[in-house]
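The values are calculated or read from the model by the stated rules, or taken from the named source; none is laboratory data. Just so it is clear, the structure is predicted and the values come from calculations on it, not from any experiment. In this analysis, Cβ positions are derived from the backbone assuming ideal geometry, glycine residues included, and neighbour counts consider all displayed protein chains.
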Amino acid sequence: MLKLHDFISKVILDIIDWFYPIFKKMMPLKTFRYAACGGANTILDISLFFLAYNYVLDKHIINLGFVSISPHIASFIISFCITFPIGFYLSRYVVFQETTVTKRKQLMKYFIVVLGCVLLNYGFLKLFVDYLGWYPTMSKIVTTFFVVIFSYTSQKNFTFKGSNNL
């Protein structure tokens, strides 16, 4: 299993690093790796949200008996369940692989930041879709802009602080 993990990390790093010379004058390598991994995970998140909202849930409310969940919030939950572990993996094993912080402690910090992102996502989606009447996928894209700023700042200064930071 360790060999597979090392292989996956190396392939991802090789792909990201191949593009780095284009951006070398704009940012350090670690920041570029963070942006590339975060950007890819964000694109995956928005794509999963779109697919879940439009095709899996078919824009229908999910009634669990004790609570009903609007399709845009349910789509967010679905995409989150997939992108949360992928985001942690990329941060821990691709971007900040030299960290000395224990995996458990780092996962807890990562989870705290992601919980803040969840609250921001929920709040902005409710605002944009339910109160302003915006289309859900566009609302998710605008929401992502605000969440990325929060996430980057928090991950840099809290979760991965002290591991040859960005």
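Only one of ILE82, ILE8, ILE12 is among the hydrophobic types (A, V, I, L, M, F, W, C), under 18 Å from the mean Cα position of the chain (by Cα), more than 21 Å from LYS140 (Cβ to Cβ) and in a helix (DSSP H, G or I); which?
Values: ILE82 fails: more than 21 Å from LYS140 (Cβ to Cβ); ILE8 fails: under 18 Å from the mean Cα position of the chain (by Cα).
Checking each option against the conditions leaves just ILE12.
Among the residues in region 24-34, are any in contact with a Leu (Cβ under 9 Å, 6 or more places away or on another chain) and aromatic (Phe, Trp, Tyr)? It would help to see each step written out before you state the result.
Within region 24-34, the subset in contact with a Leu (Cβ under 9 Å, 6 or more places away or on another chain) is 27-28, 30-31, 33-34.
The next check asks that each one be aromatic (Phe, Trp, Tyr); those that pass are 34.
Within region 24-34 (the criterion being in contact with a Leu (Cβ under 9 Å, 6 or more places away or on another chain) and aromatic (Phe, Trp, Tyr)), the answer is yes, since at least one residue qualifies.
Can we say SER139 is more than 11 Å from the chain's Cα centre (by Cα) and surrounded by 12 or more Cβ atoms within 10 Å (Cβ to Cβ)?
Details: more than 11 Å from the chain's Cα centre (by Cα): yes; surrounded by 12 or more Cβ atoms within 10 Å (Cβ to Cβ): yes.
Spelling it out, SER139 is indeed more than 11 Å from the chain's Cα centre (by Cα) and surrounded by 12 or more Cβ atoms within 10 Å (Cβ to Cβ).
Residue pairs, Cβ under 6 Å, 6 or more apart or interchain, first in region 86-99 and part of a loop (DSSP other than H, G, I, E, B), second of a type in the set (Phe, Trp, Tyr). List them.
PHE96/PHE160
Looking at region 15-58, which of its residues are in contact (Cβ under 8 Å) with a residue 24 or more places away in the chain and outside any helix (DSSP H, G or I)?
If the condition is that a residue be in contact (Cβ under 8 Å) with a residue 24 or more places away in the chain and outside any helix (DSSP H, G or I), then PRO28 is the only one that fits.
Just give me the residues in region 58-116 being over 25 Å from ASN157 (Cβ atoms) and of a type in the set (Val, Ile, Thr), in sequence order.
The answer is ILE61, ILE62, VAL67, ILE69, ILE73, ILE77, ILE78, ILE82.
Is it the case that LYS140 is under 28 Å from ILE69 (Cβ atoms), basic (Lys, Arg) and in contact with a helix residue (DSSP H, G or I) (Cβ under 9 Å, 6 or more places away or on another chain)? Spell out how you get there, then give the answer.
Working: under 28 Å from ILE69 (Cβ atoms): yes; basic (Lys, Arg): yes; in contact with a helix residue (DSSP H, G or I) (Cβ under 9 Å, 6 or more places away or on another chain): yes.
Here the answer is yes, as LYS140 does meet what is asked.
Of all residues in region 77-87, which are over 13 Å from TYR34 (Cβ atoms) and surrounded by 15 or more Cβ atoms within 10 Å (Cβ to Cβ)? Step through it out loud before you land on a result.
Looking only at region 77-87, we keep the residues that are over 13 Å from TYR34 (Cβ atoms), and these are 77-86.
Result: ILE77, ILE78, SER79, PHE80, THR83, PHE84.
Results for (1) modelled with pLDDT under 95; (2) of a type in the set (A, V, I, L, M, F, W, C); (3) closer than 18 Å to MET138 by Cα; (4) buried (at least 17 other Cβ atoms within 10 Å of the Cβ), shown as yes or no for each residue.
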site: PHE23; (1), (2), (3), (4): yes, yes, no, no
site: MET27; (1), (2), (3), (4): yes, yes, no, no
site: PHE32; (1), (2), (3), (4): yes, yes, no, yes
site: LEU51; (1), (2), (3), (4): no, yes, yes, no
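For region 62-79, give me each residue that is farther than 17 Å from TYR135 by Cβ and either in contact with a strand residue (DSSP E or B) (Cβ under 7 Å, 6 or more places away or on another chain) or not in a helix (DSSP H, G or I) (or both).
Going residue by residue through region 62-79, those that are farther than 17 Å from TYR135 by Cβ are 62-69, 77-78.
Listed by number, the residues that qualify are ILE62, ASN63, LEU64, GLY65, PHE66, VAL67, SER68, ILE69.
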